[in-house]
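Here is the structure we will look at, set down as structure tokens.
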Amino acid sequence: MNMLSKRALLQRMAAGALACAPVNAFAQQLRSSVSEANGVSLRQLAARRRLFYGCAANTSQLKDGDFAAALTREAGMLVAEYEMKRKTIERKRGRFDFRAGDALLAFATTHGMAFRGHTLVWHRSNPSWLEDVVNDTRDPKLLTNYVEAVAGHYKGRLHSWDVVNEAINPEDGRADGLRNSFWLKAFGPSYIDRAFHAARQADPKALLVYNDQGCEAGLPENDRFRAAVLKFLERALTRRVPIDALGLQGHLRAFGAQVDQKKLRAFLDEVKSLGLRILVSEHDVKDEGGPPDMSLRDKTAADTSRRFLDVVLGNSATIGVLTWGLSDRYLDRGWFGRQARALPLDAELRRKPMWQAIAGAFGA
Ligand code: G3I
């Protein structure tokens, strides 16, 4: 079978994946031949170290056959970029729409990929009715019923859930470093405990993750952020809140505040000492502010990624890395209308220096 017919078949499979699951054995045989044709993949490199590599995607991207082929080649885990957030799932109060999440799960299952959920409780990306109802009623079932319904729908089928996302913000001035969100104003800090207990009850098999961004760079604000995260995790675990892992989002800037490897390494050692696992949940490297020379921007972004991943993957509590997308193809045009180049593959699905950096961090 030549590449063209493989590509044509993958396009049909990718389209079909939104409606039905082709024969797994055939998908497996096809995927292995595709990966052979393209050399070793990030999925394979990660698996060799008993780690995972994955990425975020959305259902419209799965209809792009070339992209779907690259996705099944490179990624061993999939996460919904936005279609499993409450704004999408519960647009109208009490009416749950799981179609997009189910389509992404079907695609992952068809291609032997693990699947993770993002995110059950966040202060953003909620349906327009939610915040007012929470403020008016202060009914904690608005939080726990949603977690139980959604985590229950996917029970036993997910690797992990980002149960609570971005609940920490020391700049809000609270002694506990928590974000002064509408969730916290309505229910106090215990909303986090309620969310994790509800998720554990609904899906005992899923790894439960606290996910946030701000622990990576070396500025004083990042020092404060890391201290607040550690304080939060220590106190939550003392209260026996069922948190299994810390999700480091890993949104970096090639030409901004740099990762401080010493500070990051010490922080992750502390996280590991709490008995938690670690995953990089949303890694990308933005190149705004870089020089006109694209190859120099790409190299700097790759070096930024490598410096970060070398520290994270050097910690034995780390279980894997996900990037927040696979290809630049779907990124909004960034700085001065320039094509953003934040991900491992370029818009034509060619491997970039960032791909090499991730491969190197996995030990290639
Ligand atoms: O493209 C669809 C359009 O077809 C549809 O009609 C419309 C209906 O609302 O939605 C459009 O999708 C938008 C999507 O971005 C496009 O990728 C969604 O509206 C929009 O909400 C969504 O924004 C996402 C944002 O989180 C809020 O959910 C971004 O994709 C996503 O990259 C961003 O990701 C967050 C993480 O969840 C948490 N960490 C930070 C990270 C970056 O902000």
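A short reminder: the numbers here are calculations on the coordinates, not readings from a lab. Not measured: the values here are computed from a predicted model. Please note: Cβ atoms are built from the backbone with ideal geometry, for glycine as well, and neighbour counts cover all protein chains shown.
Within region 248-275, the only residue that satisfies the criterion of being touching a residue at least 60 places away in the same chain (Cβ under 8 Å) and among the aliphatic types (A, V, I, L, M) is LEU248. Show me the helices (runs of 4 or more DSSP H) found entirely inside region 97-175 where at least 3 residues are within 17 Å of LYS205 (Cβ to Cβ). The qualifying helices (runs of 4 or more DSSP H) are 99-110, 141-153.
Determine if region 266-275 includes at least one residue that is out of contact with any Leu (no Cβ under 6 Å at 6 or more places or on another chain), surrounded by 23 or more Cβ atoms within 10 Å (Cβ to Cβ) and either part of a loop (DSSP other than H, G, I, E, B) or among the charged types (D, E, K, R) (or both). No, region 266-275 contains no residue that is out of contact with any Leu (no Cβ under 6 Å at 6 or more places or on another chain), surrounded by 23 or more Cβ atoms within 10 Å (Cβ to Cβ) and either part of a loop (DSSP other than H, G, I, E, B) or among the charged types (D, E, K, R) (or both). Candidates in region 41-63 are the residues that are outside any helix (DSSP H, G or I) and crowded, with 19+ Cβ neighbours inside 10 Å; of these, the one that is farthest from the ligand (Cβ to nearest atom) is SER41.
All but one of (1) more than 30 Å from GLY256 (Cα to Cα); (2) buried (at least 21 other Cβ atoms within 10 Å of the Cβ); (3) more than 16 Å from the ligand (Cβ to nearest atom) hold for SER160, so report the exception by its number. Going through (1) more than 30 Å from GLY256 (Cα to Cα); (2) buried (at least 21 other Cβ atoms within 10 Å of the Cβ); (3) more than 16 Å from the ligand (Cβ to nearest atom) one by one, SER160 breaks only (3).
Set side by side, the residues LEU279, LEU252 differ, and just one is under 19 Å from GLY218 (Cα atoms), within 16 Å of the ligand (Cβ to nearest atom) and in a strand (DSSP E or B), which is LEU252.
Counting just the residues of region 102-139 that are more than 21 Å from PRO189 (Cβ to Cβ) and touching an Asp or Glu at 6+ places or on another chain (Cβ under 6 Å), which one comes out nearest to the ligand (Cβ to nearest atom)? Of everything passing the filter in region 102-139, HIS118 is nearest to the ligand (Cβ to nearest atom).
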